[in-house]
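Here, each number is a calculation from the coordinates, and none is a lab measurement. Computed from a predicted structure; not experimentally measured. Every residue, glycine among them, receives a Cβ derived from its backbone with ideal geometry; neighbour counts consider all protein chains shown.
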C-alpha cells in the first residue's frame, strides 16, 4: 500500500530514510491516547454534520476494535507507516474499509500528536503525585516512630547541632510537598487541547474544538493554532519538575548511603532493597539509592536535550520536534522506578537510635547552647563565641567532651558559668530549646507532622478527582 500522504510523490521513500524518520518504535506508547483522541474527534465530526452518522458509527466501532487489539498487544506496528497515527489509521482502514480514511478530516498529525502527548502526560502527572504522596506517608510514619530519636545535624558534613531524626525526615516531606505542588500546577498547562489547530492555521471545516475538549475532559483549548502545534513547554516543565524530584531523591539517597555505612551505622535498609557482592560475602550494598542517585543525571539530560532541540525552532511544527518523546518517556520510566521503590524502602528502614544517641554524646554539637547560656548572662554573643571556641579547643586537647568538664574547668574560661550548664548541655534540652515555628523541638515537629498529614488528605482528594478526570 502507498503512503497515506504519497499522492504528491513520484518515488518511493528510501528505505534508510524510512527507518531514520520513523517514530513508531517509540511513539507506539501513545497508542491508546491516539485512539481516545480520534474517538472524540470523530464524534465531533458527526455532531457538526461534517461526516454522516453512518460513517461516524462505523469509524467509532472500528476504533473500539482497534483499541481492544492495542490492549491485547495484537497489532504489529510497521516502520513503513512511520508513526502511531498512520499505523492506527491503516489498521482502522483495514478493519472498516475506505470510510476509515475520513477520520482525518479537519485535523493534522501535528495537532494530533500534540493532543496525544497532552493526554498521555496528564495521567502520568497525577500518578506521580500519588507516588509522592505515598513516599510522604512513609517518611511521616518513620518520623512518628522517631519523635524522641536525637541525631547530629550537619552542615558541611560536619556535626553542627543536635536535632530530632523526625525533624530531619520532615525536611524531605516538605521537599516532596513542593514537588507535588509543582506537578499540580503544571497540570493546568498540560490539560489544554491542541486538537483543531490543524497543521498550523486551523481548518476550513466547521469544527467545535470546545466540544472535543469537553469530550476529552480538557479544561480549555489553545488560543492560537501556531502555538498549539509548536508548544512543548508543558513537556519541558514536566522534565524540570521531574529533575527537581530526582534531585530531592538523590539527596535523600546520598544520606541513606552514608547512614547505612559502617562508619555511620545510623540506619539499616531492608534486605529486599539491597544486593550483595559476588566476591565479598559480608557486603550489603545500598544499590537502590545508589542507582537513583546515578539516574538523576539521566533525567537532567532529558531536560537539557529537549531545551536544546527547541531553542532555535521557527514556528510552527518541525521534524526536530519528533525528539520530544523519547526523553519524556525515559524520564517517566526512570521516575516511576525510583518512586515505586523509595516509599517501601523508607517504610521498612530500621533506625539505630542508640548509635545516633552515641554520636550526639560524642561531639561538640551542643556548643552553641553554651554560647547562648553566656549571652543570657549578659555576655555579648561574639565574646561568648570566642569563650566557647577556646573551651572546645581545651576539650580536644584533653580528649574530653563538654559534658565531661568540671565546673572549675568551665570557670577558667568564664566566671559566668554555673552548675545549670549541665542541664543546658543535655541533648534533649538542646533540641527542645529550639521551640520556634519550624524548629526541631518535639512540640514543633509534632505540629509539623499534623500540618503535613492535613496536606496529605488534600493531596489524596486531588489524586482521586484528577485520576477520574483523566480516565
Highest mean packing first, using Cβ neighbours within 10 angstrom, the peptides 452-459, 323-330 sort as 323-330, 452-459
The stretch 327-342 scanned against label point 7 Å out from residue 272 along Cα→C-beta; backbone N under 19 Å for 336-342
Place a point 7 Å from the Cα of residue 144 in the direction of its beta carbon; the residues of the stretch 404-442 whose amide N falls under 20 Å from it are 441-442
With a ≥ b ≥ c from the Cα gyration tensor eigenvalues, square-rooted, and the rule rounded for a/c under 1.5, otherwise prolate when a/b > b/c and oblate otherwise, the chain is prolate
So the angle from the long Cα axis of helix 381-398 to the longest Cα principal axis of the chain, reported in degrees to the nearest 10, equals 80
Extension length gain for residue 12 and residue 284 (0.36 nm per residue less Cα distance), in nm, is 92.1 nm
Given 71-80, 440-449, 241-250, the highest-first ranking by average Cβ count within 10 Å works out to 241-250, 440-449, 71-80
In terms of the alpha carbon gyration tensor, root eigenvalues a ≥ b ≥ c, rounded if a/c is under 1.5 and otherwise prolate when a/b exceeds b/c or oblate, the stretch 359-443 is oblate
Rounded to the nearest 10 degrees, the helix 442-469 long axis (Cα) sits at an angle to the longest Cα principal axis of the chain of 10
Classified through the alpha carbon gyration tensor (a ≥ b ≥ c as square roots of its eigenvalues; rounded if a/c is under 1.5, else prolate when a/b is larger than b/c, else oblate), the stretch 269-409 comes out oblate
Length-normalised contact order of the chain, Cα under 8 Å, at least 6 apart, in percent, tallies to 17
Highest mean packing first, using Cβ neighbours within 10 angstrom, the peptides 29-36, 190-197, 390-397, 83-90 sort as 190-197, 83-90, 29-36, 390-397
Within the stretch 325-356, the residues whose backbone N lies under 14 Å from a label point placed 7 Å from the Cα of residue 291 along the Cα-to-Cβ direction are 333-343, 345
A student asked for the Cα radius of gyration and Dmax of the stretch 300-360 in angstrom ought to give 20.8, 64
Per the rule of 0.36 nm per residue minus the C-alpha distance, extending residue 48 to residue 396 adds in nm 116.8 nm
Note to self, the chain gives a 222 nm [θ] from helices alone (DSSP H runs n ≥ 4, -39500 (n - 2.57) apiece, / all residues, nearest 500) of -20500 deg cm²/dmol
Simple SL model, points at 7 angstrom along Cα→Cβ for residue 247 and residue 73; separation in nm is 3.7
